[in-house]
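Report on one structure; see the data block that follows.
The values are calculated or read from the model by the stated rules, or taken from the named source; none is laboratory data. Worth saying up front: this structure is predicted, and the values here are computed from it rather than measured. No Cβ is skipped: glycine too gets one built from the backbone with ideal geometry, and neighbour counts run over all protein chains shown.
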């Protein structure tokens with residue numbers, strides 16, 4: 001059986017670092033409102049940091065295309081790819097979901113009272129367990145709210161071969177045109193359904209939100225492969241583009257503008273890393289933080305629940321004590337996420353993908369020839 005097993009080759013550590021920063025900004029986006037920090041009342045930037053999810057989708061498309069693009073040439077390879085991706089995202093999602101199910105049962109039995117009981121609606125459980133809760137199957141955010149984007153990732157995983165073929169075989173201008181047409185089509189669909197802007201979609205067909213940005217990441221990966229290695233980008237340029245994409249959130253421009261700028265960070269960082277110049281973004285430290293970013297993203301809402309419970313009891317939401325609580329919770333989340341990655345995510349992923357650990361000789365040669373990354 002042919003299987004996908006990327007070897008120990010180059011890893012874009014800078015992208016891991018940016019993934020962690022983006023996950024931390026998502027935490028700030030949620031904690032600002034939940035802890036009453038008030039930063040969002042002072043600046044539109046904080047209120048718009050959910051665009052980092054679109055950055056995740058671009059980054060996902062890029063890394064997956066770099067990692068698996070040259071190694072997928074059969075249905076068996078596709079099946080192995082899906083198995084490995086589900087092994088990456090599903091175990092932690094289900095583990096966190098189980099904790100929320102416990103909250104739902106406690107709420108149903110009257111042991112605790114939830115501030116948002118609709119999120120603990122057990123009728124939404126099947127969709128959440130099957131990663132279909134961002135496909136229009138549930139009428140509201142449910143259980144672990146950030147996990148809607150993991151549901152969206154499932155759609156792009158399923159569509160990956162089609163997107164990869166288009167990115168490979170069609171001219172760049174055609175692919176960009178398809179990208180724009182796709183966004184327009186999604187926008188018309190949502191407008192006809194009376195839904196909010198496509199860049200704000202979550203449970204309400206948020207899976208479609210991932211398609212254009214993920215495809216853009218795939219396009220970038222194919223484009224970068226054909227650029228000469230001599231084309232490199234200075235690190236300050238990458239950082240300036242990233243910071244500028246956040247700064248322009250202040251001005252209320254269409255969200256497609258900061259999303260496009262954030263998307264550019266991905267290929268620019270990859271080209272900067274080619275230069276082999278020292279940078280904090282490509283250190284082992286940032287790589288380890290990048291490893292923990294998925295867990296940071298999935299557990300940060302869960303981690304805040306007991307802290308918020310205490311703060312509500314002492315009427316401290318919106319006070320300096322809430323700031324201390326938010327910072328302490330974030331630090332605890334990062335530490336816990338690092339442990340979860342090493343002690344849970346990696347072992348369980350290897351166990352699930354155990355049958356995919358030894359590729360066939362032909363497939364191994366394709367991987368070696370492709371010089372793929374290890375994610």
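Counting the residues of the range 325-338 that are surrounded by 14 or more Cβ atoms within 10 Å (Cβ to Cβ) and either without any contact (Cβ under 8 Å) to a residue 40 or more places away in the chain or more than 14 Å from residue 28 (Cα to Cα) (or both) gives 4.
Restricted to the range 64-76, and to residues there that are farther than 23 Å from residue 152 by Cβ and touching a residue at least 60 places away in the same chain (Cβ under 8 Å), the residue that is surrounded by the most Cβ atoms within 10 Å (Cβ to Cβ) is 71. Give me the residue from the range 226-238 that is assigned to a helix (DSSP H, G or I) and free of Cβ contacts under 8 Å to residues at least 40 places away in the same chain and, out of that set, surrounded by the most Cβ atoms within 10 Å (Cβ to Cβ). Among them, the one singled out is 237. Just one of (1) more than 18 Å from residue 90 (Cα to Cα); (2) at pLDDT 95 or above; (3) buried (at least 20 other Cβ atoms within 10 Å of the Cβ) fails for residue 181. It is (3). Within the range 309-318, is even one residue surrounded by 19 or more Cβ atoms within 10 Å (Cβ to Cβ) and modelled with pLDDT under 95? Yes, there is a match, as at least one residue in the range 309-318 is surrounded by 19 or more Cβ atoms within 10 Å (Cβ to Cβ) and modelled with pLDDT under 95.
Scanning the range 205-214 turns up no residue that is without any contact (Cβ under 8 Å) to a residue 40 or more places away in the chain, farther than 30 Å from residue 137 by Cβ and under 23 Å from the mean Cα position of the chain (by Cα). Scanning the range 136-148 for residues that are over 24 Å from residue 295 (Cβ atoms) and either within 19 Å of the chain's Cα centre (by Cα) or touching a residue at least 60 places away in the same chain (Cβ under 8 Å) (or both) yields 136, 139, 140. The criterion of at least 2 residues that are in contact with a helix residue (DSSP H, G or I) (Cβ under 6 Å, 6 or more places away or on another chain), modelled with pLDDT of 95 or more and more than 24 Å from residue 87 (Cβ to Cβ) is met by the following helices (runs of 4 or more DSSP H) wholly inside the range 1-70: 13-34, 52-68.
Residue 254 meets each of the listed conditions (1) assigned to a helix (DSSP H, G or I); (2) surrounded by fewer than 14 Cβ atoms within 10 Å (Cβ to Cβ) apart from (1).
Apart from one condition, residue 316 fits all of (1) in contact with a helix residue (DSSP H, G or I) (Cβ under 6 Å, 6 or more places away or on another chain); (2) touching a residue at least 12 places away in the same chain (Cβ under 8 Å); (3) not in a helix (DSSP H, G or I); the exception is (2).
Here residue 151 meets the list (1) more than 16 Å from residue 127 (Cβ to Cβ); (2) buried (at least 21 other Cβ atoms within 10 Å of the Cβ) almost entirely, failing just condition (1). Can you name every residue in the range 171-210 that is outside any helix (DSSP H, G or I) and under 19 Å from residue 58 (Cα atoms)? Hits for the range 171-210 are 197, 201, 202, 205. Residues of the range 223-244 include at least one that is within 18 Å of the chain's Cα centre (by Cα), modelled with pLDDT of 95 or more and farther than 23 Å from residue 167 by Cβ. If you filter the range 116-134 down to residues that are modelled with pLDDT of 95 or more, surrounded by fewer than 21 Cβ atoms within 10 Å (Cβ to Cβ) and outside any helix (DSSP H, G or I), you find that the one that is nearest to the chain's Cα centre (by Cα) is 132. Only one of the listed residues (294, 341) is assigned to a helix (DSSP H, G or I), in contact (Cβ under 8 Å) with a residue 60 or more places away in the chain and surrounded by 13 or more Cβ atoms within 10 Å (Cβ to Cβ). That residue is 294. Every condition in (1) out of contact with any helix residue (DSSP H, G or I) (no Cβ under 6 Å at 6 or more places or on another chain); (2) at pLDDT 90 or above; (3) in a helix (DSSP H, G or I) is met by residue 304 except one, and the failing one is (1).
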